[in-house]
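Presented below is the structure to which this report refers.
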Amino acid sequence: MLTPEEYLQHVKTIFQAAGDPGRAQGQMAYMRNQFEFYGLKAPEWAALSKQIFINKGIPQGAELKTLARLCMDDEYRELNYFALEMIQKVQKKQPEEFIMFFEELITTRSWWDTVDWLAKLVGIHFRRFPQLIGPVTERWMASGNMWLQRVCLIFQLPYKEKTDAELLFGYILELKDSKAFFIQKGAGWALRQYSKTDPEAVVAFIEAHPQLAPLTKREGMKWINKKN
């Protein structure tokens, strides 16, 4: 097995060789020039990642975290994605305390693309260790970090009838005065998704709380309005 540093260099070499500098310019502009890009489309870096995992394996334990950190700290966004793709492959083998590493990753080079992906992985982890949900999300809500708070709003997106609506509604109300687009939009997204399971509850919640941000209410009612 390569060292984490050698592994990173191996991935960089492959990604750079397959990249498209012209496409990279458009990707950088789309992400507000916050990150460098090789110019790989999602299916391309996903396929390359899969082949790398087959050829080189995936590190375990401390080396997994070291490699993930190296990739997440890199200026190239596809390497950040590689870190999450790698963790996604092995996350169901990770212990309860891996939630702390998820927290670290959420707050590393944060933007909606990696944060929303991590929210999905956190949701899977919480399903394995439901005793973490209360204490961890309460701490994240109190952190003042917008991205941790967004994860608290959207980690239940795939939960459907298993959604803890009381928790979701409570956190939306706790953040109702936030001016942050990603909080208002995340709250609306969570409501819209839950409306597919319990539309009456979502309508009642929105009607009972007119002080919710217009964006949150509009997003939350989208599916219901379309259905009607």
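What follows draws every value from the coordinates through simple rules; no lab data is involved. If you're wondering where the values come from, they're calculated on a predicted model, not measured in any experiment. Every residue, glycine as well, gets a Cβ built from its backbone with ideal geometry; the counts of neighbours run over all protein chains shown.
Things worth noting here:
- Span from the the stretch 1-48 Cα centroid across to the the stretch 171-207 one, whole angstrom: 35 Å
- Gaussian network model of the chain, springs between alpha carbon atoms under 10 Å - residue of Arg150, Arg23, Arg192 with greatest fluctuation: Arg23
- Mean separation of Cα contacts under 8 Å (6+ apart) over length of the stretch 1-90, as relative contact order %: 34 percent
- Vicinal HN-Hα couplings computed from phi for the stretch 61-67 (Karplus, 6.51 cos²θ - 1.76 cosθ + 1.60; Hz; Gly/Pro x): x, 4, 5, 4, 5, 4, 5
- For the stretch 1-90, the number of Lys pairs with C-alpha atoms closer than 19 Å, counting only pairs eight or more positions apart or on separate chains, is 10.
- Among (1) 148; (2) 132; (3) 113, the entry that matches volume of the Cα convex hull per residue in Å³ as calculated here: (2)
- Based on the Stokes-Einstein relation at 37 °C and a viscosity of 0.692 mPa s, and on the Kirkwood radius from alpha carbon pairs, the stretch 75-157 is assigned a translational diffusion coefficient of 257 µm²/s.
- When the chain is treated as a GNM with alpha-carbon contacts under 10 Å, the residue of Ala17, Ala190, Ala68 showing the greatest mean-square fluctuation is Ala17.
- Vicinal HN-Hα couplings computed from phi for the stretch 215-224 (Karplus, 6.51 cos²θ - 1.76 cosθ + 1.60; Hz; Gly/Pro x): 4, 4, 5, 5, 5, x, 9, 4, 5, 5
- Taking a Cβ cut-off of under 15 Å around Glu63, the surrounding Lys, Arg, Asp and Glu residues balance to a net charge of +3, with basic ones at +1 and acidic ones at -1.
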